[in-house]
Structure formats: structure tokens, C-alpha cells
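The values are calculated or read from the model by the stated rules, or taken from the named source; none is laboratory data. Fair warning: this is a prediction, and the values are worked out from it, not measured in the lab. With ideal geometry, Cβ positions are generated from the backbone for all residues, glycine too; neighbour counts draw on all protein chains shown. To get the accessible areas, we keep the full protein, side chains included, count just its heavy atoms, and leave off ligands, DNA and RNA. Shrake-Rupley method; radii C 1.70, N 1.55, O 1.52, S 1.80 Å.
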Amino acid sequence: MKIIKEPTIYIVGSQIVNSDEINRFLDENDVSWKTDTEIGSEKLCEISGRICYMSFGKKQGRKTNKEYLENLLKSGHGSVLEHAVWNFIICGVSRSFTHELVRHRAGWGYSQLSQRFVDESETDFVEPDLISSDEELHNIWLECMEDIIEKYKFMLEKLNDKVNERYPDLSSTLKKKLVRQTARSILPNATETKIFVTANARALRHFIELRGYIAADVEIRKVAVKMLKLMQKEAPNIFGDYKIVKAEDGTEAVETDYRKV
Ligand SMILES: Cc1cc2nc3c(=O)[nH]c(=O)nc-3n(C[C@H](O)[C@H](O)[C@H](O)COP(=O)(O)OP(=O)(O)OC[C@H]3O[C@@H](n4cnc5c(N)ncnc54)[C@H](O)[C@@H]3O)c2cc1C
């Protein structure tokens with residue numbers, strides 16, 4: 001059993017632009033377009049925005065991708081940012097974190113580790129900072145987690161006997177599910193989980209603002225700040241307006257002038 005204190009985010013997917021098809025579109029519509037970004041998501045946001053006014057060639061106006069996207073952020077033309085999409089795996093987070101994460105609906109997709117399917121006897125736990133920094137609280141917390149795992153294993157064994165006795169004709173998969181979905185009722189919020197997440201840039205910005213805000217829970221705020229740092233490298237022209245500030249308690253929070261585009 002590992003005790004986890006920091007979330008891990010993997011960016012496992014991002015967009016690739018099909019330049020041949022973009023050039024075919026430009027040729028067939030007698031327009032030209034140049035942009036200075038090499039980042040797929042930034043290119044796609046720019047071209048999708050330019051489609052609205054056919055602002056290509058002589059009508060190109062703003063020259064750099066940064067200028068173009070910043071104007072979208074300023075004017076609140078946020079739907080254009082829905083064309084930029086990434087896939088993430090988030091690990092080392094608690095079930096209480098994912099319960100909060102999945103409240104974000106618009107522009108998100110989720111696939112999470114199933115406690116009905118997966119045996120959690122070997123699970124790790126996510127320890128809150130305020131507990132880990134206090135020896136007495138840490139020891140009590142650790143004792144609780146160890147105790148729960150022992151009792152969870154006991155439950156699995158007893159439930160397994162009960163299910164075999166009561167439902168002998170069920171398939172082995174259904175029996176396992178019935179046992180694990182019942183035993184999981186004693187697992188705590190601190191149980192570590194893994195979640196595959198797909199989100200567009202507009203949805204990510206909204207998440208980063210709400211959950212990077214000082215009033216948000218510490219764990220989800222850590223993920224929001226970490227996500228922001230990754231996204232500022234991944235697509236600086238879409239996420240570059242955010243500033244990371246130190247909160248009174250020394251933790252990090254997020255601020256921007258362009259909220260909820
Ligand atoms: C500090 C903090 C404390 C919180 N405390 C609680 C709590 O105590 N209890 C609790 O239940 N939740 C709580 N939440 C969760 C919160 O209520 C939202 O569910 C969560 O932040 C997702 O926000 P959202 O609905 O804006 O996001 P999304 O679901 O991603 O939606 C994005 C935007 O799309 C629009 N939208 C989405 N769905 C609809 C719809 N059906 N109709 C109209 N417009 C829509 C809205 O403009 C919305 O802001 C808290 C959140 C924060 C940040």
C-alpha cells in the first residue's frame with residue numbers, strides 16, 4: 001500500500017493538423033493563409049475562427065496566432081476554443097477528487113477505474129497535506145487505511161462465500177462484480193483512482209478557473225494548477241493569460257483577466 005501526496009497527469013493525446021486538406025480548402029476557396037504557430041490545437045482554433053468571417057489572405061488582419069487567439073479570449077468568443085481537444089490520464093488522485101471532477105460536464109469525457117470490476121485489495125491511498133504534516137493525525141489516518149483494507153479483504157472473502165451459496169448459477173464475472181461492488185461500500189474517499197479524461201480548451205479553461213481558485217479543495221486545486229502548467233507549455237497562446245499566485249496558506253492558485261470565455 002503506497003501513500004500518495006501528489007497527482008500525476010499524462011497528456012496522452014493531442015491534435016495533428018492535416019495540412020494537405022487545409023491547403024486544398026484554401027486553394028479551392030481562392031484564399032491564402034499563414035500562421036506562425038506549429039501547435040496543432042492553436043492552428044485549428046485560428047482557422048476555425050477565421051472561417052466565421054473568411055478572414056484569410058488580404059482580410060487576414062491580426063498576423064500572429066497569439067494576437068488572434070488573445071482577441072478571441074478578450075471578446076469572449078469561447079466556442080472557437082472547443083475545437084482544441086486533449087486526452088489525459090490522471091493518476092494518484094482520490095475518489096473524492098474524481099467525484100468533484102466529473103461534475104464538469106460540458107466538453108468533457110471520462111473513463112474511470114471501476115471498483116466493481118477491479119479488486120481494490122492492493123489499492124494506494126491519497127493523503128491530504130494537512131494530515132501528512134501532523135504526525136499524530138498521519139498515524140491515525142494510516143491506521144484507518146490499513147484497518148479498512150484488512151476489513152475489505154475480509155468482506156471479499158465472506159461475500160464470495162455468500163454469493164456462491166445464494167447465486168450458484170451466476171457467471172463468474174457477475175459473481176465477482178456482485179462481490180466487489182458490495183465490498184467497496186467500505187472504501188474511503190482517500191482510495192486512489194485513475195481516470196482517462198478528454199476535454200476541449202474551453203472546458204479546460206473553465207475547470208482551471210473554478211478549481212484553481214483559492215476556495216476550491218486543495219487536491220483538485222493541485223490538479224488544476226498542474227494542468228495549467230502543462231497546458232501553458234502545450235498551447236501557450238490558449239492558456240498564456242493565466243497567472244499562478246501564492247495563496248495565504250502557501251499553496252498555489254490561478255488568476256486571469258479573461259474568465260469563462
Ligand atoms: C469552490 C467550489 C465549491 C463547490 N461546492 C459544491 C457543493 O457544495 N455541492 C455541489 O453539488 N457542487 C459544488 N461545486 C460544484 C459546482 O456546483 C459545479 O457543479 C462544478 O464546479 C462544475 O461547474 P459547471 O456546472 O460550471 O461546469 P460544466 O458542467 O462543465 O458546465 C460549464 C458551463 O456550461 C453551462 N452549462 C452546463 N450545463 C448546463 C445546463 N444544464 N444548463 C445551462 N447551462 C449549462 C454553464 O454555463 C456552465 O458553467 C463546487 C464548485 C466549486 C468550484
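When all C-alpha to C-alpha distances in the chain are sorted into bins of 10 Å, what percent of pairs does each bin hold, rounded to whole numbers?
The calculated distribution, bin by bin, is 6, 25, 25, 19, 13, 8, 3, 0.
Once you've got the GNM for the chain with C-alpha springs shorter than 10 Å, pick whichever of Ser48, Ser75, Ser171 has the biggest mean-square fluctuation.
For the chain, modelled as a Gaussian network with Cα springs under 10 Å, the answer is Ser171.
Where does the chain land at 222 nm, in deg cm²/dmol rounded to the nearest 500, when only DSSP H runs of n ≥ 4 count, each adding -39500 (n - 2.57), divided by all residues?
-14500 deg cm²/dmol
Of Asp30, Asp147, Asp241, which has the most accessible area with a 1.4 Å probe, and how do the rest follow in descending order?
Of Asp30, Asp147, Asp241, the descending order of accessible area is Asp30, Asp147, Asp241.
Treat the stretch 1-133 as a sphere of radius equal to its Kirkwood radius over Cα pairs and apply Stokes-Einstein at 4 °C in a medium of 1.567 mPa s; give the translational diffusion coefficient in µm²/s, rounded to a whole number.
For these conditions, the coefficient is 70 µm²/s.
Roll a 1.4 Å probe over the protein heavy atoms and report the accessible area of Glu6 in Å², nearest 10.
Rounded to the nearest 10, that gives 100 Å².
Just reorder Val126, Val118 by solvent-accessible area, largest first, 1.4 Å probe, all chains present.
Correct descending sequence by accessible area is Val118, Val126.
Please check: in the Gaussian network model of the chain (C-alpha springs, under 10 Å), which one of Glu150, Glu192, Glu219 has the largest mean-square fluctuation.
Maximum fluctuation in the GNM of the chain, among the listed residues, is at Glu150.
Can you bin every Cα-Cα distance in the stretch 69-215 into 5 Å intervals starting at zero and give me the percent of pairs per bin, rounded to whole numbers?
Per 5 Å bin, starting at zero, the Cα-Cα P(r) for the stretch 69-215 comes out as 2, 8, 14, 15, 14, 13, 11, 9, 6, 5, 2, 1, 1, 0 percent.
When you take every Cα atom in the stretch 116-186, what is the radius of gyration, and what is Dmax, the widest Cα pair distance, in Å?
Values for the stretch 116-186 (Cα only, Rg and Dmax): 15.6, 51 Å.
Could you tell me the accessible area of Ile47 in Å² (1.4 Å probe, neighbours in place), rounded to the nearest ten?
Result for Ile47: roughly 20 Å² accessible.
With the chain treated as a Gaussian network of Cα nodes joined by springs under 10 Å, which of Leu73, Leu204, Leu174 yields the largest mean-square fluctuation?
Leu174
Rounded to whole Å and sorted largest first, what semi-axes of the equivalent ellipsoid does the C-alpha gyration tensor of the stretch 1-68 yield via the square root of 5 times each eigenvalue?
With the √(5λ) rule applied to the stretch 1-68, the semi-axes are 36, 14, 8 Å.
Per-residue accessible area for Tyr10 at 1.4 Å probe radius, Å² rounded to 10?
110
Determine, for each peptide in 76-84, 33-41, the mean count of other beta carbons within 10 angstrom over its residues, then list the peptides with the highest first.
So the peptides 76-84, 33-41, ranked by packing, come out 76-84, 33-41.
Give the carbon-plus-sulfur fraction of the accessible surface of the stretch 1-67 in %, rounded to a whole number; probe 1.4 Å, heavy atoms of protein chains only.
50
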